[in-house]
Amino acid sequence: MTNERIYNHGMDRLRASERVEKLEVKRVVDLCLNDDNVKSLLDIGTGSGLFAEAFNSRGIEVAGVDINPEMIEAAKRFIPTGDFRVSPAEKLPFDDKTFDAVFLGVVFHEVDDYKKTLEEIKRVARSQIFILEWTYKTEDYGPPLEHRLSENFIRGLAESIGLNHFQEIPLKNLVLYKISVKN
C-alpha cells in the first residue's frame, strides 16, 4: 500500500525557523542522546533530514528513509555522509539490529500500517526507539485531531509487539516517546 500523504509543500517550510522552534529540535536530540549508547540512528520519514542533520552534528552515524524521492535527495545534500534511501516505514531496507536507535519525527501518525511499522522498527533497532508526535488535542498547528495518536494507542501498540519499556516525555508542543528494545 502506498501512503497518499507525501509531503510536497517545499523545503523552505520544513526548515523554517518557526517550525524548527515548534519541533524543539535541539531539545529532542538532547533527550534522545542523554546516554552514550547511541552511535548510529535511522531517521524514518526523514524529509529534508532536519533531525538527521541535528543527530549527525552530535557525531551520530545517520541513515534515513522517506517515501518521497525528492526528500531523500534533499537529505543527501544536507548530510552527504548519511545513508538515505527511498522506502516506506513498513518495509525497511536494512538488516536486523542495524541501528542503535530509530527515530520518527512527527511522522508516525502518517504511516499506512502502525503495527507493521513498529515491528519493522523493532527489527532494525538494537537499543532505543524514539517517536516524536503531536499532542493528542486539537491545536492551531499540526495535523487535525483525527490524524493524531494518543499515548494509550502508542503504548498499547508497543506492548502488543513485546515492547514494554515505555516512557512519555511531554514537550511544549509535542510528546517524545522513548521505547527501549530489550532482548
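Across Thr81, Thr117, Thr135, mean-square fluctuation computed from a Gaussian network of the chain (C-alpha pairs under 10 Å connected) peaks at Thr81.
Its Cα centre serving as origin, region 33-183 has a Cβ charge dipole (Lys and Arg +1, Asp and Glu -1) of approximately 340 debye.
For region 53-66, 3J(HN,Hα) computed residue by residue from phi via the Karplus equation (6.51, -1.76, 1.60; θ = phi - 60°) reads 5, 5, 5, 4, 5, 9, x, 8, 6, 10, 9, x, 10, 7 Hz, glycine and proline entered as x. Based on the reciprocal of the average 1/r between different C-alpha atoms, the Kirkwood radius for the chain equals 16.2 Å. The charge dipole of region 41-104, taken about the Cα centre with unit charges on the Cβ atoms of Lys, Arg (+1) and Asp, Glu (-1), comes to about 100 debye, rounded to the nearest 20.
Assigning unit charges at the beta carbon (Lys, Arg +1; Asp, Glu -1) and nothing else, what dipole magnitude in debye, to the nearest 20, does region 110-172 show about its Cα centre? Please list the in-between numbers first.
On the way: 9 positive and 12 negative charges, 64 e Å.
Dipole of region 110-172, to the nearest 20 debye: 300 debye.
Quick one: Cα centre-to-centre distance for region 46-65 and region 109-151, in angstrom? Between the Cα centres of region 46-65 and region 109-151 lies a distance of 18 Å.
Note on the chain: antiparallel DSSP beta bridges, both residues inside, total approximately 40 percent of the bridges counted.
Just so you know, all these numbers are worked out from the coordinates, no wet-lab data involved. Since we're looking at a predicted model, the values are computed, not measured. Here Cβ is always computed from backbone atoms with ideal geometry, including for glycine, and neighbour counts include all displayed protein chains.
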